[in-house]
1. At a Förster radius of 22 Å, what calculated FRET efficiency corresponds to the Cβ-Cβ distance of Asp263 and Asn197, to the nearest 0.05?
2. Please work out the Kirkwood hydrodynamic radius for region 99-150, using every pair of different C-alpha atoms, and report it in angstroms with one decimal place.
3. Of the lysine pairs in region 76-280, how many meet both conditions: Cα atoms under 13 Å apart, and a spacing of 8 or more in sequence or different chains?
4. First obtain the Kirkwood hydrodynamic radius of region 76-280 from its Cα pairs, then insert it into the Stokes-Einstein equation at 37 °C and 0.692 mPa s, and state the resulting D in µm² per second as a whole number.
5. Indicate, rounded to the nearest 5 percent, the antiparallel portion of the DSSP beta bridges found entirely in region 76-280.
6. Around Ser134, under 15 Å between beta carbons, what's the net of Lys plus Arg minus Asp minus Glu among the other residues?
Amino acid sequence: MSFSLNGIRISVALIALCGVLFFFNQKPKFLVPLKHMKQRSRLLYNILLCILVACVVLLPLRISLISDKQVVIEKNIPIQIILDVSLSMSANDLSPSRFVAAKTSLISLVQQLEGYSISLITFSWKPFVYIPFSSSSSAIIAKLQSMNLGDFPPVKDFLWTAIGDALLLGTENLQQFANQEIYKPGIVILITDGDSNVGYDPMQVISYYQKTKVPLFVLGVGQENYLIGRDTWNDDVTTDINLTLLQQLADKTWWKFYRVLGDTSFNQFFTELSQNIVAHQQQKIQNILWELNDYLIYLLVLALLWLFIFRLSISLSQGKR
């Protein structure tokens, strides 16, 4: 039980009003004294006064009563997705491309984990939070559906692969949940088809994951040395995925590295992950509270209105005599 500041103010104002009414009640010419009421009216009037006094006393107290109980499923594990959007994600060894296959599978994952807080970080050289943490599955899906690889043009910021920087931003983004009453480390899913060639060393960044005990799932996408085109000198441009690095990142956090070579690999991983998360959901009994103050104000107004009507009706009846 706590105190309501607004309730205290209303009670003080009503106490002052009652004092004024009591003063003028001593003046028969202003208001008819209680003694002129009939016995039945007097009893009802006294009941209304008692209700008014009870409201004035209870209103400053923010009283919450338990009206019912309900079973609530806790969905307090934030899921941070880190997606590589470098030029190599346009490779079509996954149909129709690595990027589209990853996006389609992510949409399916969000649907399976409806109600969970999910965020998406995109990166090549400069990582940034593309979708902030949200538990609105429909909003996340709409944003994913509208996302295209063309949103990340092949300029300097999107030509390199800064895996370490992206992992660091992922841990920083998860810190917003650290002060929750019931805190559980989030899950980070790294999806990449490249090698870390700029920014922080991923093996140094991974120490943050070890300290906070955040599980890191690493998905290495596509074939090695896959031809994606030719440069201005007519030389082959191929993908360059560092499988050894990705395996080490997963090993350092005691979690898993998944090799994604087709659409089924994506779907298999995300289905397995979502089933594992749902299987570890916890239920708790939550009280449904009934706020007494919400009804005291209405009761107080009705009591004042009836008191005024009583006084007015008696005054009019006395004036006719």
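Laboratory data are not the source of any read-out in this text; all were calculated from the coordinates shown. Remember, it's a predicted structure, so these values are computed and weren't measured experimentally. Cβ coordinates were reconstructed from backbone atoms using ideal geometry, including for glycine residues, and neighbour counts include every protein chain displayed.
1. Using R0 = 22 Å, I get an efficiency of 0.20.
2. Computed over Cα pairs of region 99-150, the Kirkwood hydrodynamic radius comes out at 11.3 Å.
3. 5
4. The estimated diffusion coefficient comes to 192 µm²/s.
5. Working: 7 of 27 bridges.
Here the share of antiparallel DSSP bridges comes out near 25 percent.
6. Overall, the nearby charge balance is +1.
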